[in-house]
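This report refers to the structure that appears directly beneath it.
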Amino acid sequence: MIEFPMADRLAALPPYLFAEIDRVKAQVRARGVDIISLGIGDPDMPTPEFIVEALAASAKKPENHQYPDYVGLLSFRTAVADWYKTRFGVALDPATEVVSLIGSKEGIAHFPLAYVNPSDLVLVCPPNYPVYPVATGFCGGTVKNLPLLEENDYLPDLDAVTDAEWARAKMIFVNYPNNPTAATAPRSFYEKLIKKARESKTIVVSDAAYTEMYYDPTDKPLSIFEIEGAKDVAIEFHSLSKTYNMTGWRIGMAVGNAQLVKGLGKIKENVDSGIFQAVQEAGIAALVHGEPYAEKFRAVYKERRDVAVAALARMGIACRTPKASFYLWCKVPAGQTSAAFVTKVLEQTGVVVTPGNGFGAPGEGYFRIAMTVPVARMEEALSRIAKL
Ligand code: MLT
């Protein structure tokens with residue numbers, strides 16, 4: 001047999017965290033175990049019916065059967081701009097400051113290709129969504145880690161980066177509400193970040209996929225563009241996936257600095273051919289009419305959060321009550337590693353949780369729960385873990 005060694009960029013990669021979890025899960029399921037998955041952040045509730053109906057109607061239109069525009073329908077980009085205006089009070093030009101994405105993961109993965117040259121420095125804040133360092137590595141960039149620590153409320157210490165490093169840094173990835181720690185960032189953090197980035201000409205990549213998963217209206221997360229001067233340096237990635245239960249649809253957007261949006265668009269022109277227009281039209285329906293549904297989903301997650309946090313406290317597992325996102329970031333019981341703990345939980349209880357170290361070294365000693373099952377299943381999962 002002829003051997004085809006993979007390129008170095010792939011050979012150096014660990015298995016993709018959630019693909020690996022799926023593999024182990026399938027093995028345990030094959031033993032006949034009733035699996036409860038609190039692993040990947042994939043909403044269990046269906047997409048609202050009116051969005052599905054919008055897709056069905058749009059799919060019947062022959063004009064939607066051909067290649068879509070690379071950057072997305074102007075009507076979709078206008079709906080994004082209007083949504084940003086209503087939700088965050090942020091003005092965006094749909095023609096130059098918005099690009100559609102095949103889900104925010106796709107955009108995040110492609111963006112560094114537009115701006116990172118081999119050996120450029122990129123700042124990443126672990127524990128983090130695995131795509132940031134992987135995409136940086138694909139461009140030959142060098143990652144500097146700014147760890148998110150509990151004692152700093154999971155905000156990176158921007159002063160730990162020297163002036164010389166800021167001068168070298170091509171971009172910094174930030175993500176609030178944060179996956180996996182569920183932390184939120186105050187306005188003062190963004191203000192400091194934007195100041196540093198403008199001074200050092202560093203691109204700020206804000207992953208804002210979870211801004212609509214908040215629990216109290218007084219804690220509504222910010223868009224980075226609510227901060228003065230952000231448009232000089234930032235691009236923000238957002239998604240319809242988590243807000244409207246549309247993970248399978250693959251639709252998201254990048255917004256902000258027109259130059260950065262254009263650079264991403266140029267990469268995308270060369271690697272994909274846009275999003276099925278019927279999906280974009282369904283996306284417009286979601287953005288225009290989805291808020292009452294998002295409100296309902298928030299109430300569901302709030303009940304799950306309160307049940308889970310109370311159950312974890314009863315079993316002595318430390319976990320902060322999150323203000324946003326549908327994740328719980330929990331301490332592994334003393335004396336165990338993240339990997340050993342989640343493997344034991346999966347093999348002995350059938351409950352899937354995510355090991356904190358899978359999001360980077362500072363995640364060691366933690367595990368993540370995604371609140372993606374109804375309350376009764378969540379109670380069942382936690383009572384199985386309590387019995388361990
Ligand atoms: C996660 O579980 O971290 C996310 O769902 C992954 C993703 O959004 O791609």
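The values are calculated or read from the model by the stated rules, or taken from the named source; none is laboratory data. Owing to the predicted nature of the structure, the values given are computational and were not obtained by experimental measurement. Positions of Cβ are generated from backbone atoms using ideal geometry, with glycine treated the same way; all protein chains shown enter the neighbour counts. To get the accessible areas, we keep the full protein, side chains included, count just its heavy atoms, and leave off ligands, DNA and RNA. Shrake-Rupley method; radii C 1.70, N 1.55, O 1.52, S 1.80 Å.
Take each of the peptides 292-301, 277-286, average the number of other beta-carbon atoms within 10 Å over its residues, and list them starting from the highest. Each step should come with its number before you reach the end.
Details: 292-301: 15.0, 277-286: 23.8.
So the order, starting with the most tightly packed, is 277-286, 292-301.
At 1.4 Å probe size, with every protein chain present, just tell me what the per residue accessible area of region 339-388 comes to in Å². All intermediate terms of the calculation are to be shown ahead of the outcome.
Working: 1760 Å² over 50 residues.
Per residue, region 339-388 has an accessible area of 35 Å².
List every residue whose amide H lies under 5 Å from the amide H of L149, counting only residues 5 or more places away in sequence or on a different chain, with H placed 1.01 Å from N in the peptide plane.
Y154, L155
Report in % the part of the accessible area of the chain that belongs to carbon and sulfur, leaving out ligands and nucleic acids; probe 1.4 Å. Please report the intermediate quantities before stating the final value.
Numbers: 9330 of 16870 Å².
Roughly 55 percent, rounded to a whole number.
Sorted by accessible area (1.4 Å probe), largest first, how do F138, F173 line up? Please list the in-between numbers first.
Values: F138 90, F173 5 Å².
In descending accessible area the options line up as F138, F173.
Excluding same-chain residues fewer than 8 positions from K61, which aspartates and glutamates have a Cα within less than 14 Å of its Cα?
E53, E281
Collect residues whose amide H, placed 1.01 Å from N in the peptide plane, falls under 5 Å from the amide H of I203; neighbours closer than 5 in sequence don't count.
M171, I172
Mind listing the phi-derived Karplus ³J(HN,Hα) values for region 205-221, rounded to whole Hz, using 6.51, -1.76 and 1.60 with θ = phi - 60°, and x for any glycine or proline?
Each residue's phi maps through the Karplus curve to give 9, 9, 9, 10, 4, 10, 5, 8, 9, 10, 10, 9, x, 6, 10, 4, x Hz.
For the chain, what does the relative contact order come out to in percent, with C-alpha contacts under 8 Å and a separation of six or more? Kindly include the intermediate steps, with their values, before the conclusion.
Values: 738 pairs, mean separation 92.8, N = 388.
Result for the chain is 24 percent.
At a 4.7 angstrom Cβ threshold, list every cysteine in the chain that has nobody to pair with, or say none.
C125, C139
Can you give the accessible area per residue of region 65-290, in Å², using a 1.4 Å probe? Please list the in-between numbers first.
Numbers: 8440 Å² over 226 residues.
For region 65-290, the solvent-accessible area averages 37 Å² per residue.
What is the gain in length, in nm to one decimal, between V375 and E151 on full extension, counting 0.36 nm per residue of separation less the C-alpha to C-alpha distance? Numbers along the way, then the final one.
Values: separation 224, 0.36 × 224 = 80.64 nm, distance 3.05 nm.
Full-extension gain reported as 77.6 nm.
Once a ≥ b ≥ c are taken as the square roots of the eigenvalues of the Cα gyration tensor of the chain, is the result rounded (a/c under 1.5), prolate (a/b larger than b/c) or oblate (a/b not larger than b/c)? Display every interim value, and only then the final one.
Working: a/c = 1.40, a/b = 1.20, b/c = 1.17.
Rounded.
Would you grab the residues whose amide H sits under 5 Å from the one on T142? Only those 5+ places off in sequence or on another chain, please, with H modelled 1.01 Å from N.
Answer set, sorted by chain and number: S119, D120, L121, V122.
Go through I21, A197, I40 and say which Cα lies farthest out towards the positive end of the charge dipole of the chain; charges sit on Cβ, +1 for Lys and Arg, -1 for Asp and Glu.
I21
Can you give the charge dipole size of region 271-388 about its Cα centre, rounded to the nearest 20 debye, using +1 on the beta carbon of Lys and Arg and -1 on the beta carbon of Asp and Glu?
Dipole about the Cα centre, nearest 20: 560 debye.
Please give the calculated 222 nm ellipticity per residue for the chain, where each DSSP H segment of at least 4 residues contributes -39500 (n - 2.57) and the sum is spread over every residue; nearest 500 deg cm²/dmol? Write down the numbers at each step before the final one.
Working: 13 runs with 160 residues, N = 388.
Counting only the DSSP helices, I get -13000 deg cm²/dmol.
State whether region 1-53 is rounded, prolate or oblate according to the following rule on the C-alpha gyration tensor (a ≥ b ≥ c being the square roots of its eigenvalues): a/c under 1.5 gives rounded; otherwise a/b larger than b/c gives prolate, and the remaining case gives oblate.
Details: a/c = 2.76, a/b = 1.60, b/c = 1.73.
It comes out oblate by the Cα gyration axes.
Under a point-charge model restricted to the Cβ atoms of Lys and Arg (+1) and Asp and Glu (-1), what is the dipole moment magnitude of the chain relative to its Cα centre, in debye to the nearest 20? It would help to have the intermediate numbers written out before the result.
On the way: 41 positive and 44 negative charges, 108 e Å.
With only Lys, Arg, Asp and Glu charged at Cβ, the dipole is about 520 debye.
Once you charge only the Cβ atoms, +1 for Lys and Arg and -1 for Asp and Glu, what is the size of the charge dipole of region 65-290 about its Cα centre, to the nearest 20 debye? Before the final figure, lay out the partial values.
Working: 20 positive and 26 negative charges, 92 e Å.
In total the dipole reaches around 440 debye.
Relative contact order for region 247-388 using alpha-carbon pairs under 8 Å, separation at least 6, rounded to a whole percent?
Values: 135 pairs, mean separation 27.3, N = 142.
Across region 247-388, relative contact order equals 19 percent.
Taking the Cα centre of region 65-290 as the origin and placing charges on Cβ (Lys, Arg +1; Asp, Glu -1), which of A182, P130, I267 is farthest toward the positive end of the dipole?
Going by the charge dipole, the pick is I267.
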